[in-house]
Amino acid sequence: RDSRTADGGPVRLMVGGIEKVIYLPAKLADQLGYFRQEGLDVQLSTEPAGATAENSLISGDVQGVVGFYDHTIDLQTKGKCIQSVVQMSDVPGEAEMVSTRPDAPRSPAEFAGKRLGVTSPGSSTDFLTQALATRNGVDTHAYTTVKAGAGQTFIAALTNGQIDGGMTTDPTINQLTSTGQGRILADMRTEDGTKAALGGLYPSTSLYMECGYVAQHKQTAQKLANALVKTLRYINTHSAEDIAAKMPPDYASGGRDLYVKSINDTKAMFNSDGKMKPEGARNVLDVLGESSPSVRPKKDQIDLSRTYTTEFVDRVAP
Amino acid sequence: MSPERTGNTALAELTASAETPTPDPKAALRRRRATVWAVRVLLVVLWLGSWELTVTYWIDPFFYSKPSLVFAKLVEWFTAGTSQGSIWENILVTLQESVSGFALGALAGIVLGILLGRSHLLADICAPFIKAANAVPRIVLAALFVIWFGLGMSSKIATAFVLVFFAVFFNAFQGAREVDRNLVNNARILGASRAQVLTTIVVPSATSWILASLHSAFGFALIGAVVGEFTGADRGLGLLINRAQGMFDAAGIYAGMIVITVLALVAEAVLTWLENRLLRWRPSTVSTDPQI
Amino acid sequence: MSPERTGNTALAELTASAETPTPDPKAALRRRRATVWAVRVLLVVLWLGSWELTVTYWIDPFFYSKPSLVFAKLVEWFTAGTSQGSIWENILVTLQESVSGFALGALAGIVLGILLGRSHLLADICAPFIKAANAVPRIVLAALFVIWFGLGMSSKIATAFVLVFFAVFFNAFQGAREVDRNLVNNARILGASRAQVLTTIVVPSATSWILASLHSAFGFALIGAVVGEFTGADRGLGLLINRAQGMFDAAGIYAGMIVITVLALVAEAVLTWLENRLLRWRPSTVSTDPQI
Amino acid sequence: MDDPVIELRGATKRFRGATGGVHTAVRDLTLSVGRGEFVAVVGPTGCGKSTTLSLVSGLEPPSEGEVLVTGRPVRGIPDGIGYMFQNDAVLPWRSVLDNVAAGPRYRGSSRAAAREKARGWVGRVGLAGFEKYYPHQLSGGMRKRVALAQTLVNEPSILLMDEPFSALDVQTRALMQDELLRLWSGTGAAVVFVTHDLEEAVALADRVVVMTASPATVKASFDIPLPRPRDVEELRLTPEFLDRYREVWDSLREEVAKSRERSAQRVA
Amino acid sequence: MDDPVIELRGATKRFRGATGGVHTAVRDLTLSVGRGEFVAVVGPTGCGKSTTLSLVSGLEPPSEGEVLVTGRPVRGIPDGIGYMFQNDAVLPWRSVLDNVAAGPRYRGSSRAAAREKARGWVGRVGLAGFEKYYPHQLSGGMRKRVALAQTLVNEPSILLMDEPFSALDVQTRALMQDELLRLWSGTGAAVVFVTHDLEEAVALADRVVVMTASPATVKASFDIPLPRPRDVEELRLTPEFLDRYREVWDSLREEVAKSRERSAQRVA
Ligand SMILES: Nc1ncnc2c1ncn2[C@@H]1O[C@H](COP(=O)(O)OP(=O)(O)OP(=O)(O)O)[C@@H](O)[C@H]1O
Ligand SMILES: Nc1ncnc2c1ncn2[C@@H]1O[C@H](COP(=O)(O)OP(=O)(O)OP(=O)(O)O)[C@@H](O)[C@H]1O
Ligand SMILES: [Mg+2]
Ligand SMILES: [Mg+2]
């Protein structure tokens, strides 16, 4: 079943939710034809949960995953070597949303006793919420973590008052703010917002692959890096409208305006060089060291240099 | 005998020419069918109408969409295609997964069910394992299958398989147990070997049990395929729905559900035809069966 | 008559004192039970042993964990508790959801199944709708239920309900159709009203059908609760498993599955007890039933 | 006959036969049974006797013609009817006692009253001591007697019986016959009694109806003017009885021969 | 008797009765049937006749004692046995023809050969023309005849029959009886024939065994030294026949009375 192919064969990439704006570069690169220009035959699949996507990577069903960087650290505690090859974003692209009801928390310091939604327990949204809480002096046991999913279930939960707040991404953020059903408490879609909330950067969207695969298939990795960095540059030099127009029409089926606005608001999270900032990686480890039960005991043994490489993005032609 | 044996039309003729108040059974059947269809259509129209109206005038179409939007979405899918290729391709993928899962699951369920149903010792030994296995959440299994079988079709087939297998197994098992002992004894006396008892007595007796389970099983197979696609896939109706969920596209969710439902109804029609063929020996109950 | 009627011990006594080669049925039953348990335990040991060995020596425990790790995880849960509170609390939540869903779904399935099974007109009208509804993927429904009913218990109960309902409905429906017409006719002649025919003939006749479906239904109820919890929740075994999935904790996944399985087996034991009570009138088939 | 309780007027019953053909079981049957009359029906096997009873009981509608009970056309099951099927239809999940108690329970008796009544009937059909047995624990003849008790406990005013005593030994049968006559004599109930035992037919009935071979219709009807009350066993040896017997027998023999012949032709 | 085909030695059969008690259906039964012998068994209803047959057929094991067929103890179903049940057990999903063809098919005939053979037997029991009917389309007596053909088509060397003709009219019954005798006479098959019709028993059998009231055991055995071949209808009027009949009848009557009494006691 190990479909790891030699350079030149089809490359399967798994996206942890292909329609999520934070993972936009993957589909956009495909739509722009950048993979094909590199001579790559890329097949995109999707899995809604990050963890399942990584499982497919480890079991060898796919060669790369577009997902959150923090999983590479988590997986290193499990003895797996996964590394970020293209680091497309330095910030999570998430926002802590709260409802507009009067009893909703007005700052993370008021999290105690509240019900806070995450996409899934053990996911990045869970860790970010915990980091927000601990940095503001709230014990992680003082609030209730609720699995609220994303999208409609999240919105329904927030508007029904079943959660007081929650961590989510676009287009959910925009949907909530545009209808006035929710407010942004901590905006981690921008560098400033992220630094304010987490005290540093939190690199997220990345293409990561198995270390062994990368070592053996340098050519493929390079081509992927080329295509994705080109895409990042495209994102940084084009308007949200232009980008939206390149995407398949039914990605905007929730409403064209909403989609454009979502891209517009999230666009800022993407860098243009695909390079990991070492202090960002350090900060992720700090955050996980506080919140993740699997990372906490092994925090000091983690070798961050093995969780990412800039070897390929450095070589991308300017 | 022979003058009366003039085929199927004879009955209608006889009763029609008799000029008695006895109603013509064919006409009655036609009338009945017309009523049934009328009521069905009425119900659908009522349901769609009230949906459209409430969403238009009272509640937020964000969550509930409305029939006109769903219809527009369907039209779009079937004319312009979807972002993951032609709708027919997606249907074909899901159908392939569920039909394979259905066929394998039903076969395994029937064979194992009948074997265990007829062997008390085997049943005693295996029963707790099977019952335990039945309670394993398929959604967790689906994730495991992706790990075990990969992202391809086989993991979806496996998910469909486990759903179908248990539905069929329990019925085949009970059906094999319920076989009239007199019939088995008679067959044994007449010289049937164990295998012959199984094929000529047990299997036909259990047929109505098995068919009953097959009615729900194809639905389950579709669900299994969709769950598998939810867990990880690159094509298929499940993915289409999943994507719609992520994109606030309520109309897409409902449109996907409708496509799946139509598939199920088609399969159902095939099954019903099969059932009617297999159970031809039954007394027909349409006209004289006491209503309740 | 009277001298022979000395209770249950009489048979054992009679056969014991007879000093014939006829085997003592009680001892035979004991022996049989011992064999069954021995084989069961052997199977479990074999299975766990080979799992432990292969994982230890050949394959990667990252995906497959191993029994010793799973056991350690279970011990941890039951002594130190889980990340979302005491394990008992989580079990209780999931159990509450699935029992409610099971009870409601089974009741609705039985009532509707029997009613439609006895009324051909109603069945003709409703059948396509029910069959269509059966094919709607529960995982999609679970998301809709969270939207409609919120994140609380009711959305999980609803998910369990739809899973149980269809499993039971199709069997109750077929069971009601399979009722021996002679029995119905006899009851009508004896003066039974329609309601009485339903309660005294149809329901008892359909009992074995319904019970067969209930065997798989509680498993489905558990699955429904877990799927519901996967979609959105703050407690429950499903969430525990989901968390383990998110944290690459294979041992946690398997431990959660084991807890659910044990719940299902307990429920199964209750059902079997009920079945034996309800079907007491049956000829006992243990000793003389032809094997296969 | 004025004021008949059961009246069939040109009743015809057709069934859908094998391979889509039409099978006429009863053709143009006209028959009346008066109040308090005991009619025995005999005829070759498969001619349509059971079908005729099911028409009267309202379980099957006639394809043509009319069936009247107490003057009204039969729609559904007429009041006061009792019908003992050819194949016993006792409820397998009820004990003997509860099987017999079913009728009274359906008709609104309390459980205790129904059981009390049933207990008497279980004894009367010779099954005392078997009250708690389930049908699968009984012999063929015992099951038949449960069905008999089940029917009689309702005290029907119209009694249809389809070979009720065929599975009983000679002696038990005689006892049951006597019991039946005793019960019937007081009530003024109309009885239609299908049997293959001509002696039984002649000994019990006021009138013996001989049916033709399939499709059934009335071939002949013989009044049996023997005095009542009758002692079945003694009666059997009287010359009047033997005369009647001979008469019916000749008529029936002809019919059966005809049915045989027809079947032989079909083979050829 | 030397070299009996069927031998029961002190056979006892107990059932678990209602409410956990034990019911003895057959007690200490000793009986032998020789090669080519035709034994009729009569006895009060519910005494244990069917149970005895099921012991011989190997369908039920005895609780005590021994059952031998052709000298060997019965384990499973002995070869060459044919058993016509009291309740017909025809397959509802097969047509008349395929029901009768079942035996040959089981024993390895080709479908065509089995059908050919079956067709002859369907005609012989008078069901020609009904080959394609399903059992639910037949009358009670017709179903019985299907079962009869089903059993006889296998040409069994040991034939167990449990009230085979009880649902037939007098004439058809006489025909079937003649047919049975004709078939049997050549074959040297052993027949055990349970019936409630004493006339039938005496007319057909070499020996009539009278069973006691429940639990069954052999009460008496009467040789019937009437000459063969017999014409059943004529035989019935000969004085030898009537003598034998009277003998058996007296013996049986006593037994039935006993069974009655016991049941009456139980009521009291
Ligand atoms: N449901 C049915 N479909 C087709 N044919 C039927 C059906 N029921 C009865 N018949 C036919 O009708 C005829 C009469 O059947 P019926 O049961 O009335 O006979 P009967 O006189 O009671 O015979 P018996 O004495 O053997 O009980 C038979 O030839 C049978 O084949
Ligand atoms: N499975 C059983 N469990 C308990 N008791 C049984 C069972 N089978 C038969 N009996 C009892 O055994 C006795 C004999 O039954 P059997 O069927 O042999 O009688 P029979 O002589 O064939 O009667 P009939 O002439 O009425 O057919 C009956 O009293 C019956 O109650
Ligand atoms: Mg009849
Ligand atoms: Mg018997």
Between region D:24-59 and region C:94-156, how far is it from one alpha carbon centroid to the other, in angstrom? 49
Coil-residue chymotrypsin sites (Phe, Trp or Tyr not before Pro) of region C:20-101, DSSP, other Cβ within 10 Å capped at 16: C:Trp58
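About the Cα centre, and with charges only on the beta carbon of Lys, Arg (+1) and Asp, Glu (-1), how big is the dipole of chain B? Nearest 20 debye, please.
640
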Non-local residues with an amide H under 5 Å from the amide H of E:Lys219, with H modelled 1.01 Å from N and Pro and chain starts lacking one, are E:Val210, E:Met211, E:Thr212
Please list, ordered by chain and number, the residues whose modelled amide H lies under 5 Å from the amide H of D:His23; skip anything fewer than 5 residues away on the same chain. D:Phe15, D:Arg16, D:Gly17
For chain E, what value does the Rg/Rh ratio take when both radii are computed over Cα atoms and Rh is the Kirkwood radius, given to two decimals? 0.97
Of A:Lys277/A:Lys299; A:Lys246/A:Lys267; A:Lys20/B:Lys66, pairs whose Cα-Cα distance is over 22 Å: A:Lys20/B:Lys66
Peptide A:154-160: average number of partner chain Cβ atoms within 10 Å per residue? 5
Can you find, among C:Gly117, C:Ser98, C:Ser65, the residue sitting farthest towards the positive end of the charge dipole of region C:56-130, where Lys and Arg contribute +1 and Asp and Glu -1 at Cβ? C:Gly117
Tell me, what does the Kirkwood hydrodynamic radius of region E:92-155 come to in angstroms if you use every pair of distinct C-alpha atoms? 11.2
So, for chain A, what is the accessible surface per residue at a probe of 1.4 Å, expressed in square angstrom? 33
Give me the net charge of E:Arg111's neighbourhood, meaning all other residues with Cβ under 15 Å from the Cβ of E:Arg111; Lys, Arg count +1, Asp, Glu -1. +3
In debye to the nearest 20, the charge dipole size for region B:160-258, taken about the Cα centre with +1 at each Lys and Arg Cβ and -1 at each Asp and Glu Cβ, equals 400
From the C-alpha coordinates alone, can you work out the Kirkwood hydrodynamic radius of the protein assembly as shown, in Å? 36.4
In a shell of Cβ-Cβ distance under 11 Å around B:Leu271, excluding B:Leu271 itself, what net charge do Lys and Arg (+1) and Asp and Glu (-1) give? 0
Debye equation applied to the C-alpha atoms of chain A, log10 I(q)/I(0) at 0.15 Å⁻¹: -1.19
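Take every residue in peptide B:211-222, count the Cβ atoms of other chains within 10 Å of its Cβ, and give the average of those counts.
Shielding by partners across B:211-222 averages 6.
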Across 10 Å bins from the origin, how do the percents of Cα pairs in region B:82-278 run, short distances first? 10, 31, 30, 18, 9, 3, 0
Peptide B:147-153: average number of partner chain Cβ atoms within 10 Å per residue? 6
To the nearest 10 degrees, the tilt of helix E:170-187 (Cα long axis) against the first principal axis of the alpha carbons of chain E is 90
Dipole check, the protein assembly as shown, charges on Cβ (K,R +1; D,E -1), about Cα centroid: among B:Phe78, B:Thr200, D:Pro215 the Cα furthest to the positive pole belongs to B:Thr200
Under 5 Å between amide hydrogens, which residues at least 5 positions from A:Met97 or on another chain qualify, with H placed 1.01 Å from N in the peptide plane? A:Gly166, A:Met167, A:Thr168, A:Leu185
Chain D residue with Cβ closest to the axis mapping D onto E, distance in whole Å: D:Ser166, 2
Taking region E:46-204 on its own, what percent of its Cα-Cα pair distances exceed 20 Å? 51
Proximal lysines relative to E:Lys117, as straight alpha-carbon distance under 28 Å, when same-chain residues fewer than 8 apart are discounted: D:Lys258, E:Lys132, E:Lys144
Diffing region A:207-217: the Karplus 3J(HN,Hα) column from phi (6.51, -1.76, 1.60, θ = phi - 60°), in whole Hz with x for Gly and Pro, holds 9, 10, 9, 5, 4, x, 5, 4, 4, 8, 10
Starting from region E:92-184, pick out the trypsin sites (Lys or Arg not before Pro) whose DSSP state is loop and whose Cβ has at most 11 other Cβ atoms within 10 Å. none
Can you grab the distance from the C-alpha centre of region C:205-227 to the C-alpha centre of region A:238-317, Å, no decimals? 46
Give me the accessible area buried between chains B and C, both sides summed, with a 1.4 Å probe, in Å² rounded to the nearest 100. 7100
Angle between chain D longest axis and helix D:111-124 axis [Cα atoms, degrees, rounded to 10]: 60
What size of dipole, in debye to the nearest 20, comes out for the protein assembly as shown about its Cα centre when the only charges are +1 on Lys and Arg C-beta atoms and -1 on Asp and Glu C-beta atoms? 100
Dividing the helical contributions, -39500 (n - 2.57) per DSSP H run of n ≥ 4, by the residues of chain C yields a 222 nm value, nearest 500 deg cm²/dmol, of -26000 deg cm²/dmol
Find me the longest stretch of chain B that has none of the exposed trypsin sites (Lys or Arg not before Pro), where exposed means in a DSSP loop (not H, G, I, E or B) with at most 16 other Cβ atoms within 10 Å. B:6-279
Just read off the accessible area of C:Ser193 with the full protein assembly in place, 1.4 Å probe, to the nearest 10 Å². 60
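The values are calculated or read from the model by the stated rules, or taken from the named source; none is laboratory data. Since the structure is predicted, the reported quantities are computational estimates derived from the model, not experimental observations. All Cβ positions, glycine included, derive from the backbone under ideal geometry; neighbour counts span all protein chains shown. Ligands, DNA and RNA are excluded from the accessible area calculation, which covers all protein heavy atoms including side chains. Shrake-Rupley method; radii C 1.70, N 1.55, O 1.52, S 1.80 Å.
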